[in-house]
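Inspection log for the structure reproduced underneath, given as structure tokens.
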Amino acid sequence: MAVTDLQRDTASEAAHAGLSEPSRAAPSYPPRCVPIALWASVLLFVALAQQVFVYTPDDSFITFRYAKNLAAGYGPVFNRNAPLSDRTEGYSCPLFLFLMALLWKLPLGLEMLL
């Protein structure tokens, strides 16, 4: 490999200024504890998520029932025959409710789900 004049001049100027050329170190690999720590953090996340989101399927069922009744024309109610005093907002995400009601209106065969 040929050294150009510019490289030679730069190296000589650095030597006169008391600077050495930067050394190229071998690439370092992460220690063994890094993959173990990553797996431990993933397991901890899964365990905590299970504790926090344990009621998610129940909440989804409630929203699906509200969406089915909304799509059927009864309005956002849990029970179709409920008196007006028992009609409450029992769903937690209105956007999800309206998107699911829209899906119920499409001819996709969702009747078999609930």
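The values are calculated or read from the model by the stated rules, or taken from the named source; none is laboratory data. All values derive from a computational prediction rather than experimental measurement. Heads up: the accessible areas ignore ligands, DNA and RNA and are worked out on the full protein's heavy atoms, side chains in. Shrake-Rupley method; radii C 1.70, N 1.55, O 1.52, S 1.80 Å.
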- Answer rounded, prolate or oblate for segment 50-97, using the Cα gyration tensor with square roots of eigenvalues a ≥ b ≥ c: rounded when a/c is under 1.5, else prolate when a/b is larger than b/c, else oblate. prolate
- Tell me, what % of the accessible area of segment 36-76 is carbon and sulfur with a 1.4 angstrom probe? 75
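Test of understanding: what is the full-extension gain from Arg80 to Phe45, defined as 0.36 nm times their sequence separation minus their Cα-Cα distance? Display every interim value, and only then the final one.
Numbers: separation 35, 0.36 × 35 = 12.60 nm, distance 3.98 nm.
So the extension gain works out to 8.6 nm.
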